[in-house]
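See structure below.
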Amino acid sequence: MTDKLNELTAAGVAVWLDDLSRVRLSSGGLDQLRREKHVAGVTTNPTIFAKALSDADEYNWQLRDLAIRGVDVEEAVRMLTTYDVRWACDVMRPSYDGSAGVDGRVSIEVDPRSAHDADKTVAEAKALWWLVDRPNLFIKIPATQEGLSAITDTLAEGISVNVTLIFGLDRYSAVMEAFLTGLEQAKANGHDLSKIGSVASFFVSRVDSEVDKRLEKLGSDQAKALRGKAAVANAQLAYERYTEVFSSDRWKALEAAGAHPQRPLWASTSTKNPDYRDVIYVEELIAAGTVNTMPESVIHAYADHGETRGDTVTGSYDAARKVFTDLESAGVDMSDVIATLEREGVEKFEASWQELLDGVSKSLEAAGAGKGAPNKAAKGNAKAAEKAGGA
């Protein structure tokens, strides 16, 4: 029987899991995916953690201890999430060691409420790096305009970074510039560049969701014929920019000093439209030196019926540019699409973060009540969240 995920890996695509929970860790499920499904990394986000903490009893003992200590709800969230990420880093360590530090990475995101505050982002990145204390950690930083300097400053500290929420080509170019500058500063600061990793998470399916919605509204035959084409074209053109930057003399100087390239990571790869093939955002984005982070359902779908047809990106650039020309001609303002997606992406993660805070606050309250000592910090945060409108 053909090992389709092995074929994908052999084509140069690193398979990562876009999910994490304590149940997945304690059951051995993550290690099984690493051993049997070629999973070589893990990504998380506030939405994933909010779900994990809302539907599992395996956090109860830690919540009880945190409640007894009377910790602030935000500290509790960090203790809970970094515990899981540290454990996941240990599970993925064989992949890290076996790939000379390229794969085997696990990501944890900075507080998305700081997405437009560079100083806070860097400060939290340093704190998370210290808390998890594993070499195969990635700190996720949103690619907002303000996040660009935070990316550079964090890398300059020798901290590995997963840049997230990239939707547009110009912002992606700015992210690569921030990466190169960060490595140059890290080198000047005496850090070993071979120990610093980075990926640039370029979101895929959300682009089709937003563009298709606008095409449906336009309603013309020309518009309808373009449905389901924007996301792949956008990612293909991003890869073109990647190959240009990472063949430059500037990059070659850093590579000679031991640096690894910042790989493009295809994120949001589950198909939102049931009319589309469930593995389209994997099959159509096969190229050397990339990462595809998938929900477990997509990993199993690809293992079952995915088709690895060699490189499906290189050589597609002219056709991809034509898609963009046709979209503009049909009446889709792609610059507005990208701006909308970035804004909504940050807002969604902020809402999930608030949901996470609210859920942990209630859990701390319940655990503290079990000891006859209500958690005042949790109460205060719950009231503040209610006053602010919650998530």
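The values are calculated or read from the model by the stated rules, or taken from the named source; none is laboratory data. For clarity, every value in this text was computed on a predicted model and none was experimentally measured. FYI the Cβ positions are ideal-geometry reconstructions off the backbone, even for glycines, and counts take in every protein chain you see. We work out accessible area using only protein heavy atoms, side chains counted, and drop any ligands, DNA or RNA first. Shrake-Rupley method; radii C 1.70, N 1.55, O 1.52, S 1.80 Å.
Brief remarks follow.
- Set ALA178, ALA259, ALA200: member being open to solvent by less than 20 Å² (accessible area, probe 1.4 Å), part of a loop (DSSP other than H, G, I, E, B), in contact with a Leu (Cβ under 7 Å, 6 or more places away or on another chain) and farther than 21 Å from ASP318 by Cα: ALA259
- Residue tally, condition open to solvent by 30 Å² or more (accessible area, probe 1.4 Å) and either part of a helix (DSSP H, G or I) or of a type in the set (Val, Ile, Thr) (or both), over the stretch 152-168: 1
- Residue check, THR164 more than 25 Å from ALA320 (Cβ to Cβ) and either at pLDDT 95 or above or charged (D, E, K, R) (or both): no
- Considering the stretch 320-337, and only residues there that are part of a loop (DSSP other than H, G, I, E, B) and farther than 18 Å from GLN236 by Cβ, the residue that is most open to solvent (accessible area, probe 1.4 Å) turns out to be ASP333.
- Test result for ARG206, open to solvent by less than 60 Å² (accessible area, probe 1.4 Å) and basic (Lys, Arg): yes
- Matching residues in the stretch 309-324 - criterion: being without any contact (Cβ under 8 Å) to a residue 24 or more places away in the chain and acidic (Asp, Glu): ASP318
- Positions within the stretch 132-177 being among the β-branched types (Val, Ile, Thr) and closer than 23 Å to ASN292 by Cα, in sequence order: ILE139, ILE141, THR144, ILE151, ILE159, VAL161, VAL163, THR164, ILE166, VAL175
- If the condition is being in contact (Cβ under 8 Å) with a residue 60 or more places away in the chain, within 30 Å of VAL291 (Cα to Cα) and not β-branched (Val, Ile, Thr), then the stretch 56-82 contributes only LEU80.
- The listed residues are THR152, THR164, and the only one of them that is of a type in the set (Ser, Thr, Tyr) and more than 17 Å from the chain's Cα centre (by Cα) turns out to be THR152.
- Among all residues of the stretch 233-252, there is none that is hydroxyl-bearing (Ser, Thr, Tyr) and on the phi > 0 side of the Ramachandran plot.
Results for (1) within 19 Å of ASP18 (Cβ to Cβ); (2) modelled with pLDDT of 95 or more; (3) under 22 Å from the mean Cα position of the chain (by Cα); (4) not polar (S, T, N, Q), shown as yes or no for each residue.
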residue: TYR59; (1), (2), (3), (4): no, no, no, yes
residue: GLY70; (1), (2), (3), (4): no, no, no, yes
residue: MET79; (1), (2), (3), (4): no, yes, yes, yes
residue: TYR83; (1), (2), (3), (4): no, yes, yes, yes
residue: TRP87; (1), (2), (3), (4): yes, yes, yes, yes
residue: VAL106; (1), (2), (3), (4): yes, yes, yes, yes
residue: VAL110; (1), (2), (3), (4): yes, yes, yes, yes
residue: ARG113; (1), (2), (3), (4): no, no, yes, yes
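- Condition check for ASP119: in contact with a Lys or Arg (Cβ under 8 Å, 6 or more places away or on another chain), over 24 Å from GLY258 (Cα atoms), at pLDDT 95 or above and not β-branched (Val, Ile, Thr): no
- The condition of being farther than 18 Å from ASP208 by Cα, at pLDDT 95 or above and in contact with a Phe, Trp or Tyr (Cβ under 6 Å, 6 or more places away or on another chain) holds for only one of ALA303, ALA287, that being ALA287.
Rundown of residues vs (1) under 13 Å from the mean Cα position of the chain (by Cα); (2) within 20 Å of LEU137 (Cβ to Cβ), yes/no style:
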{"site": "ILE159", "(1), (2)": "no, yes"}
{"site": "ALA174", "(1), (2)": "no, no"}
{"site": "LEU180", "(1), (2)": "no, no"}
{"site": "PHE202", "(1), (2)": "yes, no"}
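- Scanning the stretch 255-280 for residues that are touching a residue at least 24 places away in the same chain (Cβ under 8 Å), over 20 Å from ASP208 (Cα atoms) and of a type in the set (Gly, Ala, Ser) gives ALA257, GLY258, ALA259.
- On inspection, ARG214 fails the criterion of being open to solvent by 60 Å² or more (accessible area, probe 1.4 Å) and farther than 21 Å from GLU109 by Cα.
- Residue that is surrounded by the fewest Cβ atoms within 10 Å (Cβ to Cβ), among those in the stretch 217-227 that are part of a helix (DSSP H, G or I) and more than 31 Å from the chain's Cα centre (by Cα): ASP221
- Verdict on ALA100 being of a type in the set (A, V, I, L, M, F, W, C) and more than 30 Å from GLU355 (Cβ to Cβ): yes
- Those strands (runs of 3 or more DSSP E) lying entirely in the stretch 1-110 with at least 2 residues open to solvent by less than 20 Å² (accessible area, probe 1.4 Å) and charged (D, E, K, R): 105-109
- Residue within the stretch 281-290 that is part of a strand (DSSP E or B), open to solvent by less than 30 Å² (accessible area, probe 1.4 Å) and touching a residue at least 12 places away in the same chain (Cβ under 8 Å) present: yes
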